[in-house]
Amino acid sequence: MIETFTDINYSFFGLLNQGPLTLSLFLHLLVVLPMFWIYFQEKKRLESEN
Amino acid sequence: MSRKKVSVWSDNRFWQRSATWVTGFASLLLIWLTFDTMGQISMGNQKDIDNHVVKRVPSATVINYKVEYNMNNHRGHEVPVIGGDDGKGNSLFKVKEKFFGRDDYSQKEADALLHLGKLASQAKNCMDCHTLLGNGAYYAPDLTKAWLDPAWGKNGPMQAMTGKSTKEEAMAEFLQHPGKYPTHARMMPNLGITPKEAVGLVAFLKHMATIDTNGFPRGFGKIKEGVVYAKTK
Amino acid sequence: MQRQNNFKYESQKLGSWYFTVAVILFGAQLVLGLVSAIQFIYPSFLYDILDFSITRMIHINALVVWMVYAMIGSVYYLLPDETGIETVGIGMGKLLFWILTLAVTVVVLVYIFIQVGPATQATIWLITEGREYIEAPRWADIGIVVVVLGFLANTFLTALKGRRTGIMTVILSDMIALAGLYLAGMYFTDNISMDQYWWWWVIHLWVEATWEVMVGALAAYALIKVVDAKREIVEMWLWIEVAMLFGSGILGLGHHYFWIGTPEYWWEIGALFSALEPMPLIGMFVHVLYDWGKEKGLKENSGVDTSSNNTPALLWLISNGFGNFLGAGVWGFFHTLPQVNIYTHGTQFTAAHGHLAFFGAYATILTAMFYMGIQGKYGIKKLRATFASKMAIFLITFGVLGMTVALTIAGYEQVLIARAQLGATWDAFFVAQNQLWMSQAMDWRLIMGIVTTVGFFYLVKDLLTISKSPKNVYK
Amino acid sequence: MTEPLYIRPIIEVSDFLPIFVSAALILLFGLIYASVVTLVKMQRLKSIYMFLAYFFWILQIYCTYFLTMKIHSQPFTIKAMMIAMVAYLMVPHIYYYLITKSEERYED
């Protein structure tokens, strides 16, 4: 499943790009995962309010 | 503390914070990616050519070399090949080619030519009719690989029309007096391009053809029927 | 009937000045667009007098500038409404308006009468920068930045002093990004790949990120005003939209980095993030659909007049929901994946997408803002669509859709013949241009452009006269 | 010599039209699906129309599958796209859930 590296220059993102969708799955995870943390923090705040 | 039912999903603050996070983080990622890309698309110099280092945007001194656009087995698409092909689509950086009678432009001279050409391309608004690297207007042909276009080559009609014996002279001549060489009803306007600027522009075009565009445009000049000279039709 | 200026705030008056210039520039855009369209069919038309490169440049520059004018006008218009106070530096705001308008006039005159210059830095500074969409010479760039900084200072000081709503917060942060990004377009380099890399920072991050968010904020304001939507709900949606628009739009920039010399990893980033770009558009559509339907239902149930208090604005707002989705979403998506884009990049497909997306996403909402300006100016309680309003919306929408379809057909033919079959050479280009499918598409594009322009005349007539028509106005 | 590897597969000339049409339909069906769900939930349409909504969703999946096949996506990418389409099943419901939740909270 891991493809050969075809780009000219090696780089962090280039290496992540070797499998199908690996790079975008990685970036999406980085963006979305912390939203869970925000969710639980806000939940706690709302519960303790009033 | 008693747990009560709360709705985080309908909470304004939750979405405000999420929006801030997503925006900020996506921007940071973009900046990171930009630094990475900047390093990869910075322009090379003659030393890179001497050391056979492949650059996405090679040195301006590529005007001293023969340039092709061939299938590269490793990259999986066509790439610019500079100074001869090793048979697998890799540049040999050896074979020279005269550019306006010379093949020994120094780094400084080549840089100055490219600078003049790039300036001219902006001063004359090339992008508002042509596309460069596929961006611009769609009124006139794409110039990304114009240097390699068979129409300008040895037996091409464009070169024959201008009565010049080399590609670069033909291009320079055409650029200076496009009104004199009508090829189609749609003609290039006379933009007051001076002989010097024309040389710069041709250097700019030759250099642009050596930029590694990840295989765009596909099959450029490689498809036999792609060269259907208007006259023979 | 008595027509007096009912603006409670000077800021709204200033907003209406911006709207006026925006409408004039909109007209200029259409006229120059028609000339360019004629040149596609009769290439000798104005050859060596006003060439395609010039007419097309003014066509797209007028587009960008009228939209920026209308956005600034909208912000000045809603600023006192949102903050509850007069804009702080209103005197400076007016001065900046005249400076900006003067600068735009000079730039256009130079475009028309000087056109091109020698290959020197002086040309870049004084005549044109020759970079599509942001051709404005550098002196004007600096002027624009100064004016925008003044505008930002104005809005910030006002927002800090007055009430701070969610809509204002979004607009303010968005305006900073919008102004800051413009700086990326003022940079000269001999490296064309680098040049294009930063050029897209302005073009893409404006059009597919900051402008879209601006539209989201304006739509939120309009929903509150026109259909009485609840502020908290609208603002919550605005935040969701901001998260989705920026979340997909910022890295969606990657779809412009497939073929300009940039590394291969942009293929995947560009493909996936731009595939997500339609998601917020669907969200916006569902939200507008819901709000519109709900308010209508509520009014029907309680037996009150079901018409909104500004029907023309509402109609344009609804056409925004459809237009944004179709133009930016559908027409963007079908040629964005790199597998396909290698064939479609730089063909008339892009022109088709550009026409429908700029219209659907921006022209619609900004026209709605014009109508809200009229409503505010004459203190009209209920503004109803006149015959001219309906003709305007019908003809403009129909015309733009028609142009889009024509250009799509032209682009499709170009992809097949010039790209897939003939390999993108000069000959390939002209073979494709000379096909009947292309030339007839260009005829249709011109006809539909004329339809659009007729619609525009109806729009101008309507904007000038709607407040005088007693039948359509309830004080 | 072996066939050269093409990272971006060559697309058959006859495949372009189906590709463009199916890509446009993915979004259109997606929009119709979302609108019908919203209208049904708003009780502007009878709930029987939910079948219609899901029908459009199935059409959308088919178009996605068709498109990924036509552009020669890798098997893994096709699977991931199918999962994404199943996730899209939730999207209009989530949108509507958000609308009603915020309604409950702010509308009195």
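The values are calculated or read from the model by the stated rules, or taken from the named source; none is laboratory data. Just so you know, these numbers come straight off a predicted model, no measurement behind them. Counting neighbours? That spans all protein chains shown, and the Cβs are built from the backbone with ideal geometry, glycine included. SASA here: full protein model, heavy atoms, side chains in, ligands and nucleic acids out. Shrake-Rupley method; radii C 1.70, N 1.55, O 1.52, S 1.80 Å.
The table below lists the values:
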| quantity | calculated |
| --- | --- |
| Residue match in region B:223-231 (condition: more than 10 Å from every other protein chain (Cβ to nearest Cβ), open to solvent by 30 Å² or more (accessible area, probe 1.4 Å) and modelled with pLDDT under 95) | yes |
| Search result, residues across region B:157-171 that are in contact with a Ser or Thr (Cβ under 9 Å, 6 or more places away or on another chain) and either hydrophobic (A, V, I, L, M, F, W, C) or closer than 19 Å to B:Asn125 by Cα (or both) | B:Met158, B:Met161, B:Ala170, B:Met171 |
| Identity of the residue in region C:284-318, open to solvent by less than 20 Å² (accessible area, probe 1.4 Å) and of a type in the set (S, T, N, Q), that ends up nearest to the chain's Cα centre (by Cα) | C:Asn310 |
| Meets criteria (open to solvent by 70 Å² or more (accessible area, probe 1.4 Å) and more than 14 Å from chain B (Cβ to nearest Cβ)) for D:Phe51 | yes |
| Top-ranked residue of region B:175-196 - restricted to ones that are facing another protein chain (nearest Cβ under 9 Å) and of a type in the set (Lys, Arg), ranked as farthest from C:Val431 (Cα to Cα) | B:Lys196 |
| Scan of region C:246-268 for residues that are closer than 19 Å to C:Trp198 by Cβ, within 11 Å of chain B (Cβ to nearest Cβ) and in contact (Cβ under 8 Å) with a residue 40 or more places away in the chain, ordered by number | C:Gly249, C:Ile250, C:Gly252, C:Leu253, C:His256, C:Tyr257, C:Phe258, C:Trp259, C:Ile260, C:Gly261, C:Thr262 |
| Answer from B:Val6, B:Val62 - the residue that is at pLDDT 95 or above and either more than 8 Å from every other protein chain (Cβ to nearest Cβ) or touching a helix residue (DSSP H, G or I) at 6+ places or on another chain (Cβ under 6 Å) (or both) | B:Val62 |
| Residue list for region C:32-50, filter: touching a residue at least 24 places away in the same chain (Cβ under 8 Å), more than 18 Å from C:Met438 (Cβ to Cβ) and more than 21 Å from the chain's Cα centre (by Cα) | C:Leu50 |
| Among the candidates D:Ile19, D:Ile11, D:Ile78, D:Ile7, residue that is under 30 Å from B:Asn72 (Cα atoms), in contact with a Lys or Arg (Cβ under 9 Å, 6 or more places away or on another chain) and part of a helix (DSSP H, G or I) | D:Ile19 |
| Filter result for B:Thr213 (open to solvent by less than 50 Å² (accessible area, probe 1.4 Å), on the phi < 0 side of the Ramachandran plot and not in a helix (DSSP H, G or I)) | yes |
| Condition broken by B:Met187, with the remaining ones in (1) free of Cβ contacts under 8 Å to residues at least 60 places away in the same chain; (2) among the aliphatic types (A, V, I, L, M); (3) part of a helix (DSSP H, G or I) satisfied | (3) |
| Residue satisfying all of: in region B:9-53; touching a strand residue (DSSP E or B) at 6+ places or on another chain (Cβ under 9 Å) and more than 9 Å from chain C (Cβ to nearest Cβ); nearest to C:Ile269 (Cα to Cα) among these | B:Gly44 |
| Hits in region B:56-70 - residues which are touching a residue at least 40 places away in the same chain (Cβ under 8 Å) and either closer than 20 Å to B:Met38 by Cα or touching a strand residue (DSSP E or B) at 6+ places or on another chain (Cβ under 7 Å) (or both) | B:Arg56, B:Val57, B:Pro58, B:Ser59, B:Ala60, B:Val62, B:Ile63, B:Asn64, B:Val67, B:Glu68, B:Tyr69 |
| Residue check, D:Met85 surrounded by 17 or more Cβ atoms within 10 Å (Cβ to Cβ) and either within 13 Å of chain B (Cβ to nearest Cβ) or within 21 Å of A:Gln18 (Cα to Cα) (or both) | no |
| Of the criteria (1) within 14 Å of chain B (Cβ to nearest Cβ); (2) surrounded by fewer than 17 Cβ atoms within 10 Å (Cβ to Cβ); (3) over 19 Å from C:Pro338 (Cα atoms), which one D:Tyr95 fails | (2) |
| Those residues of region B:162-174 which are in a helix (DSSP H, G or I) and either open to solvent by 60 Å² or more (accessible area, probe 1.4 Å) or within 12 Å of chain C (Cβ to nearest Cβ) (or both), in sequence order | B:Glu169, B:Met171, B:Phe174 |
| Pair list, Cβ < 8 Å and 6+ apart or interchain, from region C:198-227 residues that are hydroxyl-bearing (Ser, Thr, Tyr) to residues that are part of a helix (DSSP H, G or I) and open to solvent by 10 Å² or more (accessible area, probe 1.4 Å) | C:Thr210/C:Ala177; C:Thr210/C:Leu178; C:Thr210/C:Leu181; C:Tyr221/C:Asp81 |
| Qualifying position, being open to solvent by less than 10 Å² (accessible area, probe 1.4 Å) and either away from chain B (no Cβ under 13 Å) or modelled with pLDDT under 95 (or both), among C:Ile171, C:Ile176, C:Ile192 | C:Ile171 |
| Odd one out for D:Leu28, checked against (1) under 24 Å from C:Thr344 (Cα atoms); (2) open to solvent by less than 40 Å² (accessible area, probe 1.4 Å) | (2) |
| Segments classed as helices (runs of 4 or more DSSP H), wholly inside region C:328-419, with at least 3 members that are in contact with a strand residue (DSSP E or B) (Cβ under 7 Å, 6 or more places away or on another chain) | C:364-377 |
| Filter result (open to solvent by 50 Å² or more (accessible area, probe 1.4 Å), more than 11 Å from chain C (Cβ to nearest Cβ) and within 18 Å of B:Gly24 (Cα to Cα)) within region A:1-46 | A:Leu29, A:Leu33, A:Phe36, A:Trp37 |
| Single match in C:Ala243, C:Ala271 (criterion: in a helix (DSSP H, G or I), free of Cβ contacts under 8 Å to residues at least 24 places away in the same chain, hydrophobic (A, V, I, L, M, F, W, C) and open to solvent by less than 20 Å² (accessible area, probe 1.4 Å)) | C:Ala243 |
| Residue match in region B:66-85 (condition: touching a Pro at 6+ places or on another chain (Cβ under 7 Å), open to solvent by 10 Å² or more (accessible area, probe 1.4 Å) and under 30 Å from D:Glu103 (Cα atoms)) | no |
| Matching option when the condition is surrounded by fewer than 24 Cβ atoms within 10 Å (Cβ to Cβ) and at pLDDT 95 or above, among C:Leu356, C:Leu416, C:Leu366, C:Leu401 | C:Leu401 |
| Hits in region C:31-90 (condition: open to solvent by 20 Å² or more (accessible area, probe 1.4 Å), within 12 Å of chain B (Cβ to nearest Cβ) and charged (D, E, K, R)) | C:Asp48, C:Arg56 |
| Output for region C:441-471, where each listed residue is loosely packed, with under 15 Cβ neighbours inside 10 Å and not β-branched (Val, Ile, Thr) | C:Asp443, C:Leu464, C:Lys468, C:Pro470, C:Lys471 |
| Boolean, C:Asp443 is within 11 Å of chain B (Cβ to nearest Cβ) and either at pLDDT 95 or above or over 30 Å from C:Asn472 (Cα atoms) (or both) | no |
